[in-house]
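Enquirer: Take this structure, written in structure tokens, and hold onto it; I'll ask about it next.
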């Protein structure tokens, strides 16, 4: 199942894929990142709504601000809310790094693949 979720990159002995396939690979990576971010946002919204009693729109604002790296708008009041906000902030930092890696992986792979092919032709 995991093998079907992530795109399979070509081996170094294989040629670089055509541009239209590369665009599809980029779109696939973008969709994976969007799903990861949407799920993370949902987790944050539910946590703020349940633990802090915030309305859904305020929970969305706090979760999206943390996910975007800005920090919460409403300061948590309860012990559970403070614990959740701290753990969610750590999770959000890692999520942004993972999402950026998933989006950039096809680009970096293509650059390194071309570099390796050009280096191999010079011999």
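The values are calculated or read from the model by the stated rules, or taken from the named source; none is laboratory data. Since we're looking at a predicted model, the values are computed, not measured. Glycine gets a Cβ as well: all are built from the backbone with ideal geometry, and neighbour counts include every protein chain shown.
Enquirer: Looking only at residues that are part of a helix (DSSP H, G or I) and surrounded by 15 or more Cβ atoms within 10 Å (Cβ to Cβ) in the stretch 9-27, which one is modelled with the highest pLDDT? Before you say what the answer is, go through the steps one by one.
Expert: Quick first cut of the stretch 9-27, residues part of a helix (DSSP H, G or I) only: 19-27.
Right, trim to surrounded by 15 or more Cβ atoms within 10 Å (Cβ to Cβ) and you get 22, 25-26.
Details: 22: 82, 25: 83, 26: 89.
Out of the qualifying residues, it is 26.
Enquirer: Something else: If I go through the stretch 41-76 residue by residue, how many of them are assigned to a loop (DSSP other than H, G, I, E, B), within 19 Å of the chain's Cα centre (by Cα) and closer than 15 Å to residue 87 by Cβ? Quick ask: steps written out before the conclusion?
Expert: Here is the first cut: in the stretch 41-76, the residues assigned to a loop (DSSP other than H, G, I, E, B) are 53-55, 68-76.
Next, from what is left, pick out any that are within 19 Å of the chain's Cα centre (by Cα): 68-71.
From what is left, the residues that are closer than 15 Å to residue 87 by Cβ are 71.
Number satisfying all stated conditions: 1.
Enquirer: Pairs please, first residue from the stretch 62-90 and without any contact (Cβ under 8 Å) to a residue 12 or more places away in the chain and on the phi < 0 side of the Ramachandran plot, second anywhere and surrounded by 12 or more Cβ atoms within 10 Å (Cβ to Cβ) and part of a helix (DSSP H, G or I), Cβ atoms under 7 Å, 6+ apart in sequence or on different chains.
Expert: If the second residue must be surrounded by 12 or more Cβ atoms within 10 Å (Cβ to Cβ) and part of a helix (DSSP H, G or I), no pairs are left.
Enquirer: Checking the conditions here, which among 78, 95 is modelled with pLDDT of 90 or more and loosely packed, with under 14 Cβ neighbours inside 10 Å? So that I can check it myself, show each step before the final result.
Expert: Details: 95 fails: loosely packed, with under 14 Cβ neighbours inside 10 Å.
None of the others qualify; the one that does is 78.
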